[in-house]
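Here's the structure we're looking at; comments come further down.
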Amino acid sequence: MFKGSRLPQAILLVASAMLSLTSMADGHADHNTGGHGHGHNPGHELGSMAQSPAAENARVYFVEPVDGQVISAGEVQVVFGLSGMVVAPAGSDTPNSGHHHLLIDVEQLPDMRMPLPASENIRHYGKGQTETTLMLAPGRHRLQLVLGNYAHIPHNPPIMSEVIEITVK
Ligand SMILES: [Cu+2]
């Protein structure tokens, strides 16, 4: 398609454009790691990775089990409660919405400004589930609910339940 004389020029143009983009990105990154944190332009930098505002009266809680409950078998039915906000599946950026995350025996809360990690101890209910059945080993277990937005990031301020402790016999 290109005449022989124009092709190298086109490649050069593309290459220099990419170079300038790369150097801009590098400069940006250096600036961020320079200790200024994320305060400069969070909307731009975080894009879809941003916190969503919490509704003022939002509350997440356990319908069951209740704090101190003793469960005789390994299967624990857990029902999540949410008021003041609505449950929406992950990926759905509906205002005042989120999906449940269940923290099981988590000693230290993860960074509330980042997407919650997913593990055996931090479970995501990204389809919008409002209950689950856990298989827990005998002993004491601490449970806590944290609402996360469409990108799994806790709201601002985070909407968290109280920590409840149950005993599995
Ligand atoms: Cu999630």
Go through region 128-154 residue by residue and tally those that are part of a loop (DSSP other than H, G, I, E, B), of a type outside the set (Ser, Thr, Tyr) and more than 9 Å from the ligand (Cβ to nearest atom).
5
Taking region 114-142 only, how many residues are among the hydrophobic types (A, V, I, L, M, F, W, C), loosely packed, with under 15 Cβ neighbours inside 10 Å and within 23 Å of Lys169 (Cα to Cα)?
2
Name the pairs whose Cβ atoms lie under 7 Å apart, with the first residue in region 104-119 and outside the structural domain of Tyr150 (by TED's automatic domain parsing), the second surrounded by fewer than 16 Cβ atoms within 10 Å (Cβ to Cβ), and 6 or more positions between them or separate chains?
none
Output the residues belonging to region 130-162 that are more than 16 Å from Met112 (Cα to Cα) and β-branched (Val, Ile, Thr).
Thr130, Thr132, Thr133
Which ranges mark the strands (runs of 3 or more DSSP E) fully within region 48-127 that have 3 or more residues being within 15 Å of the ligand (Cβ to nearest atom) and at pLDDT 95 or above?
97-104, 122-124
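The values are calculated or read from the model by the stated rules, or taken from the named source; none is laboratory data. Just so we're clear, the structure is a prediction, and the values are computed from it rather than from any experiment. Counting neighbours? That spans all protein chains shown, and the Cβs are built from the backbone with ideal geometry, glycine included.
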